[in-house]
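The values are calculated or read from the model by the stated rules, or taken from the named source; none is laboratory data. All values derive from a computational prediction rather than experimental measurement. Positions of Cβ are generated from backbone atoms using ideal geometry, with glycine treated the same way; all protein chains shown enter the neighbour counts.
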Amino acid sequence: MPTGVAIRDAREQLFEAADRVLLRDGPSGLTSRAVTTEAGVAKGVLHKHFADFDDFLASFVLDRVDRMAPQALALRSAAGTGTVAGNVTDALVAVFGSVAVAIVALVTFRDELRARLRETWPAGVPVLTEAARMLADYLEAERDRGRVAPGPDVQGLAGMLIGSAHLLFADRTGPPPTRAAVERAVRGVLDLAAG
């Protein structure tokens, strides 16, 4: 790799490369060499910005969680519009249509990464727990508008929705589920909770 060449935002360049490698090759293919090769930079660039590869991976995962903030705001703003099932479906398709499923596999795959994440993220898999928080906030807003029944715990309901969607999207080698399939699952969970 050439040296002395200016690199635009190296962290973001490495994170984008990690996205591509993770989606293409899965967690076992995500190595520091694969990331730097994909990014077109020398391996030393990664180590200049991160203490080690697990530091890079933890920063990558948390960056992808932070990217969910605009989606959470948009979902919360959708409260009172459309249908609850439709809004939840759109949110789940967006979350699981991204690199989220691959990140779940990555966190599950790497003990060192889980340990590093525990330093700043107390429980759960960051993308899933953040998605559950996003859904719970939305469902609470819909409950305030009378569009979600007052009985079920929105935290538990959000977890059921995340789990149901994760089961639909878990096979990264097959085609993703259709929006209709996701909405059927969402309606099933919401109907069960209302029942």
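Got a sec? Which of Gly86, Gly97, Gly82 is without any contact (Cβ under 8 Å) to a residue 40 or more places away in the chain and surrounded by fewer than 18 Cβ atoms within 10 Å (Cβ to Cβ)?
Gly82
Tally the residues that are of a type in the set (Asp, Glu) and more than 25 Å from the chain's Cα centre (by Cα), restricting the search to the stretch 134-167.
Number of matching residues: 1.
Residue-wise test of (1) in contact (Cβ under 8 Å) with a residue 12 or more places away in the chain; (2) assigned to a helix (DSSP H, G or I); (3) farther than 30 Å from Arg24 by Cβ; (4) not β-branched (Val, Ile, Thr).
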position: Ile103; (1), (2), (3), (4): yes, yes, no, no
position: Val107; (1), (2), (3), (4): yes, yes, no, no
position: Leu113; (1), (2), (3), (4): yes, yes, no, yes
position: Thr120; (1), (2), (3), (4): yes, no, no, no
position: Glu140; (1), (2), (3), (4): yes, yes, yes, yes
position: Gln155; (1), (2), (3), (4): yes, yes, yes, yes
position: Ile162; (1), (2), (3), (4): yes, yes, no, no
position: Pro177; (1), (2), (3), (4): no, no, no, yes
position: Arg184; (1), (2), (3), (4): no, yes, no, yes
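Can you say whether Asp63 is within 30 Å of Glu183 (Cβ to Cβ) and either out of contact with any Ser or Thr (no Cβ under 9 Å at 6 or more places or on another chain) or not assigned by TED's automatic domain parsing to the domain that holds Arg133 (or both), as far as the supplied structure shows?
Yes.
Farther than 19 Å from Ala34 by Cβ and among the aromatic types (Phe, Trp, Tyr), is that true of Phe96?
So Phe96 passes the test.
Which numbered condition in (1) modelled with pLDDT of 90 or more; (2) within 27 Å of Asp171 (Cα to Cα) is the only one that Leu23 fails?
Result: Leu23 fails condition (1) only.
Would you pick out the residues in the stretch 50-63 that are of a type outside the set (S, T, N, Q) and in contact with a Phe, Trp or Tyr (Cβ under 8 Å, 6 or more places away or on another chain)?
Hits for the stretch 50-63 are Phe50, Phe56, Phe60, Leu62, Asp63.
Within the stretch 164-176, how many residues turn out to be surrounded by fewer than 14 Cβ atoms within 10 Å (Cβ to Cβ) and closer than 18 Å to Glu130 by Cα?
Residues meeting the conditions: 2.
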